[in-house]
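A.B. asks: Below: one structure in structure tokens.
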Amino acid sequence: MKGFDLLSVVVQGGCSVKLSPVQLEQVLAGLPKIEHPNLMVGIETHDDAGVYRLNDETALIYTTDFFPPVCSDGFEFGQIAAANALSDVYAMGGSPLLALNLMMFPAHTLPLEVFGEILRGGGEKVQEAGALVLGGHTIEDEVPKYGLAVVGTVHPDRLITNAGVREGDLLILTKPLGSGVILAGQRNQLTNEDTVRKALNYMKMLNKSGAEVMQQYQLKGATDVTGFGLLGHARRMAEASRVTIRFNSKWVPRFGEAMDLLEAGCIPGAAFRNLTFVQEAVQFGSSVVYEEKMLCCDAQTSGGLLMAVPAARANELLQDLKTKAGLPDAEIIGEALPLQKKVLYLD
């Protein structure tokens, strides 16, 4: 339904509304450890999804994600939310199989046509992923929120995790940073439509092609960059892999106008929460300006894959990402080093 503006009913949306990673860590620390012989990935490494081995040929990847609108149009919001939820399966090298809709919707204040458009957009992305929507669950809520619970599959020997980074690997990011900043700029009428449109189009893009390249090269370490920002997710990756990751801030791809908006003081609250989460784990180089720090802490919605690639194959893989996978902004942004005093360095 093109006539209703979903942004009129939200203060902030997308992955920027995630609970602070510091608070989340406190809650998870109090939960009992789950052990099972078939559990390949649990919550200990804070990976993108849980993974359960069914047999020698198949493991299940299980994940979920939902959030308030990031755009005005219901159909487009559904596409973005679904792409974001599906991304966790791709980050682990899997293929989505089944999905359930998760919807919170104020049916007493919003037209039901909007409800249908959101589901239609999400369904289109699930279909593009080659998966099936089998139903879902809906509750009344004052602010609309939408996402998916997703089941995917992967061969147990081809699983990719955030603990798979090895010393000497180069780090490649497949999508530009700054979508959170762009959306904040839009809310404050500080950015142009072309910049917003490019960011939204990237959010709608499945990480399917990137995952296919990772499997082609038999990578072992990756994650996707979403609500905790590049540095937040990289911290999880470095700690799980017991390495130090060094990024070059000048190499990080970014959306047009993102740095201008940051310099103008347009910094989303989620970026400050993410900075708090990583500040004890990261050392910033003397040449890194404040805006670059905040860009690397910016919460991304349906962001790119951060993959660890053996150095000898990195350039070849990068070209395949740019040309075959349709990811022209993909760049090598850093390297994995032996574990040092800090697990992250941003130069």
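A.B. asks: Which residue is nearest to residue 150 (Cα to Cα), if the candidates are limited to region 46-63 and must be in a loop (DSSP other than H, G, I, E, B), under 16 Å from the mean Cα position of the chain (by Cα) and not acidic (Asp, Glu)?
C.D. replies: By that ranking, first place goes to 49.
A.B. asks: Being among the β-branched types (Val, Ile, Thr) and touching a residue at least 60 places away in the same chain (Cβ under 8 Å) is the filter; apply it to region 37-72 and report the residue that is nearest to residue 21 (Cα to Cα).
C.D. replies: Selected residue: 45.
A.B. asks: While we're looking at this one, here's another question. Quick one: how many residues across region 9-31 are charged (D, E, K, R) and over 26 Å from residue 78 (Cα atoms)?
C.D. replies: 1
A.B. asks: Of a type in the set (Val, Ile, Thr), out of contact with any Asp or Glu (no Cβ under 7 Å at 6 or more places or on another chain), in contact (Cβ under 8 Å) with a residue 12 or more places away in the chain and surrounded by 15 or more Cβ atoms within 10 Å (Cβ to Cβ) - does that describe any residue in region 184-195?
C.D. replies: no
A.B. asks: Let me ask you something else. In region 1-36, what residues are outside any loop (DSSP other than H, G, I, E, B), closer than 21 Å to residue 228 by Cα and modelled with pLDDT of 75 or more?
C.D. replies: 17, 21, 22, 23, 24, 25, 26, 27, 28, 29
A.B. asks: Among the residues of region 37-60, which ones are among the hydrophobic types (A, V, I, L, M, F, W, C) and farther than 26 Å from residue 229 by Cβ?
C.D. replies: 39, 40, 54, 59, 60
Each row is one residue, and each column tells you yes or no for (1) closer than 16 Å to residue 301 by Cα; (2) surrounded by fewer than 24 Cβ atoms within 10 Å (Cβ to Cβ).
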residue	(1), (2)
23	no, yes
32	no, yes
48	yes, no
52	no, yes
76	yes, yes
81	yes, no
95	no, yes
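A.B. asks: Please verify whether residue 195 is within 17 Å of residue 88 (Cα to Cα) and among the hydroxyl-bearing types (Ser, Thr, Tyr), treating the condition exactly as stated.
C.D. replies: So residue 195 does not fit the description; no.
A.B. asks: Could you tell me whether region 309-319 includes any residue that is closer than 19 Å to residue 236 by Cα and of a type outside the set (D, E, K, R)?
C.D. replies: Among the residues of region 309-319, at least one is closer than 19 Å to residue 236 by Cα and of a type outside the set (D, E, K, R), which makes the answer yes.
A.B. asks: Does region 248-261 contain any residue that is of a type in the set (Lys, Arg), buried (at least 17 other Cβ atoms within 10 Å of the Cβ), over 18 Å from the mean Cα position of the chain (by Cα) and not assigned by TED's automatic domain parsing to the domain that holds residue 94?
C.D. replies: No, region 248-261 contains no residue that is of a type in the set (Lys, Arg), buried (at least 17 other Cβ atoms within 10 Å of the Cβ), over 18 Å from the mean Cα position of the chain (by Cα) and not assigned by TED's automatic domain parsing to the domain that holds residue 94.
A.B. asks: Need the failing condition index for residue 163 against (1) touching a strand residue (DSSP E or B) at 6+ places or on another chain (Cβ under 8 Å); (2) crowded, with 24+ Cβ neighbours inside 10 Å, just the number.
C.D. replies: With (1) touching a strand residue (DSSP E or B) at 6+ places or on another chain (Cβ under 8 Å); (2) crowded, with 24+ Cβ neighbours inside 10 Å applied to residue 163, the lone miss is (2).
A.B. asks: List the strands (runs of 3 or more DSSP E) that sit entirely inside region 276-347 and contain at least 2 residues that are under 26 Å from residue 204 (Cα atoms).
C.D. replies: In region 276-347, the matching strands (runs of 3 or more DSSP E) lie at 305-309, 331-337.
A.B. asks: Here is a follow-up. Can you tell me which of 107, 99 is over 16 Å from residue 302 (Cα atoms), of a type in the set (Gly, Ala, Ser) and assigned to a loop (DSSP other than H, G, I, E, B)?
C.D. replies: Of 107, 99, the one residue that is over 16 Å from residue 302 (Cα atoms), of a type in the set (Gly, Ala, Ser) and assigned to a loop (DSSP other than H, G, I, E, B) is 107.
A.B. asks: Please indicate, with yes or no, whether at least one residue in region 184-197 is acidic (Asp, Glu), in contact with a His (Cβ under 9 Å, 6 or more places away or on another chain) and either closer than 21 Å to residue 263 by Cα or not assigned by TED's automatic domain parsing to the domain that holds residue 38 (or both).
C.D. replies: Checked against the condition, which is being acidic (Asp, Glu), in contact with a His (Cβ under 9 Å, 6 or more places away or on another chain) and either closer than 21 Å to residue 263 by Cα or not assigned by TED's automatic domain parsing to the domain that holds residue 38 (or both), region 184-197 yields no hits at all.
The values are calculated or read from the model by the stated rules, or taken from the named source; none is laboratory data. Just so it is clear, the structure is predicted and the values come from calculations on it, not from any experiment. We place every Cβ from the backbone using ideal geometry, glycine too, and count neighbours over all the protein chains shown.
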